[in-house]
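Taking it in order: structure first as structure tokens, then the write-up.
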Amino acid sequence: METTVKLRLNELPEQKTIDLPGGGYIEKRLFTDKYNKELTILTIYNGRMAFTVLPERGLEIGDIVVDGETMSWERSGHYLLHPDHADLQARNGIGWLDGFYSAVAVIGPELFGTPGEGLTLHGTGSYSPAVAESVHISCTGEDIVVEGKAVVRGCSGSSVFEKEIKMVTKKDASLILREETTWNCSDAEQTLDDGYHIQLSGRYMHDGGRYVLPAPSRTLLLRDSAPPEADPLRIYPISQGKRPIRCYQYVPQPVIGMDQLGELAPFVQQLRQRHGVTAEMMVNDRKDAAGFVIRALDDFSKSLIAKEIDESFMFSFEPCRTRPNRMSQKHIDGEAFVLQPGHSAVTQCIIGVTRDAAMIGALAQAITLAARK
């Protein structure tokens, strides 16, 4: 009979490693931001991969380390802020960038995209602390699960959404399945416009690489005023110096056969939607390391990539519900997803990294075939 171990965050001792049955550990520590405010950092290690979870920041995933190698972007701790120190309306709605640190940052739920109309650039989910007593870690068999609830602050200052957040990994795996159930806890219908900003551009990408996307290059729409590129899928070496930010939006196509691909298979098989599943990947020039994102198109039907070399090396995936327009335009175009009072919506997203060359090749081939449809 399998033994279940359940540990609550607010009962964990600080700076002490708690071993998990069958291997792995969890650890809680406090981080003091530049304004002298404390945040909790929860580390989960499954025997191969360590990832951090930030309860005060909507249970975001802060860092991802596999076999001792940081596979997510290496962002200075100077950027990690308690949400009390971020003015989301600052600088014409881009205050969201204050505290922009995480490997997997949540966007929405009120808006993703263009600020204005009383809304901020990427919503308030990243600035809505989890309810401390709700956060717990459980270990059953091969699964390690982190769960908790967050009350979303909302652009108006009044809470209109609640989120139940669940992250699952397996012993010795290099993937995480993140699931969110978002409830409309107000007495009026609300537009739900969520997604993720996912940074998997660790040092393995610093010498250059490519995006592998399930959409033809000609369909990528450049959103910024930066000059066009000959190859929008190129990831430039950091040694070539700074590059202006460029964001491309596109509509991904379904990718077939991922439920048969080695380490991917058991995670893909846990998706509620097994049809209409897509994947996006970045791979280095040596083709020996990659990061990828997998989810059902019913959850997030649109995508962006964001590229920039500035004070950091930022190359990201942004699975999302809608194109990054103003909210009024989303409604005009019929893209807005409306949630009635008391109703909920569930999304799932797999975040993974690998140095398995065979799996990199197989996944790249599957994505490339989808782009040709």
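Count, please, the residues in the stretch 191-238 that happen to be part of a loop (DSSP other than H, G, I, E, B), of a type in the set (Gly, Ala, Ser) and within 19 Å of the chain's Cα centre (by Cα).
Number satisfying all stated conditions: 2.
Can you tell me which of 58, 47, 99 is small (Gly, Ala, Ser) and in contact with a Lys or Arg (Cβ under 6 Å, 6 or more places away or on another chain)?
On inspection, the qualifying residue turns out to be 47.
Taking the criterion of being part of a strand (DSSP E or B) and in contact with a Gly (Cβ under 7 Å, 6 or more places away or on another chain), would at least one residue in the stretch 124-131 satisfy it?
Within the stretch 124-131 (the criterion being part of a strand (DSSP E or B) and in contact with a Gly (Cβ under 7 Å, 6 or more places away or on another chain)), the answer is yes, since at least one residue qualifies.
Taking the stretch 143-162, which residues are over 10 Å from residue 128 (Cα atoms), in contact (Cβ under 8 Å) with a residue 40 or more places away in the chain and surrounded by fewer than 21 Cβ atoms within 10 Å (Cβ to Cβ)?
Selection gives 155 alone.
Each row is one residue, and each column tells you yes or no for (1) touching a strand residue (DSSP E or B) at 6+ places or on another chain (Cβ under 9 Å); (2) more than 23 Å from residue 313 (Cβ to Cβ); (3) part of a loop (DSSP other than H, G, I, E, B); (4) small (Gly, Ala, Ser).
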| site | (1), (2), (3), (4) |
| --- | --- |
| 34 | no, no, yes, no |
| 50 | yes, no, no, yes |
| 64 | yes, no, no, no |
| 72 | yes, no, yes, yes |
| 78 | no, no, no, no |
| 105 | yes, no, no, yes |
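Considering only the stretch 80-99, how many residues are free of Cβ contacts under 8 Å to residues at least 60 places away in the same chain, part of a loop (DSSP other than H, G, I, E, B) and touching a Phe, Trp or Tyr at 6+ places or on another chain (Cβ under 9 Å)?
Matching residues across the stretch 80-99 total 6.
Any residue in the stretch 77-92 that is crowded, with 19+ Cβ neighbours inside 10 Å and over 25 Å from residue 136 (Cα atoms)?
Yes, the stretch 77-92 contains a residue that is crowded, with 19+ Cβ neighbours inside 10 Å and over 25 Å from residue 136 (Cα atoms).
Can you tell me which residue within the stretch 223-237, out of those that are at pLDDT below 95 and surrounded by 13 or more Cβ atoms within 10 Å (Cβ to Cβ), is nearest to residue 296 (Cα to Cα)?
223
Only strands (runs of 3 or more DSSP E) wholly contained in the stretch 268-369 count here; list those with 3 or more residues that are crowded, with 21+ Cβ neighbours inside 10 Å.
Once the strands (runs of 3 or more DSSP E) in the stretch 268-369 are filtered for at least 3 residues that are crowded, with 21+ Cβ neighbours inside 10 Å, what remains is 277-284, 290-296, 303-309, 313-317, 344-354.
What pairs come up if the first residue lies in the stretch 267-278 and is free of Cβ contacts under 8 Å to residues at least 12 places away in the same chain and closer than 20 Å to residue 169 by Cβ, the second is of a type in the set (Asp, Glu) and surrounded by 14 or more Cβ atoms within 10 Å (Cβ to Cβ), and their beta carbons are under 6 Å apart, counting only those six or more places apart or on different chains?
269/259
For the stretch 39-69, which positions are touching a Gly at 6+ places or on another chain (Cβ under 7 Å) and on the phi > 0 side of the Ramachandran plot?
Listed by number, the residues that qualify are 47, 58, 59.
The values are calculated or read from the model by the stated rules, or taken from the named source; none is laboratory data. On a predicted model such as this, the values are computed, not experimentally measured, just so you know. Counting neighbours? That spans all protein chains shown, and the Cβs are built from the backbone with ideal geometry, glycine included.
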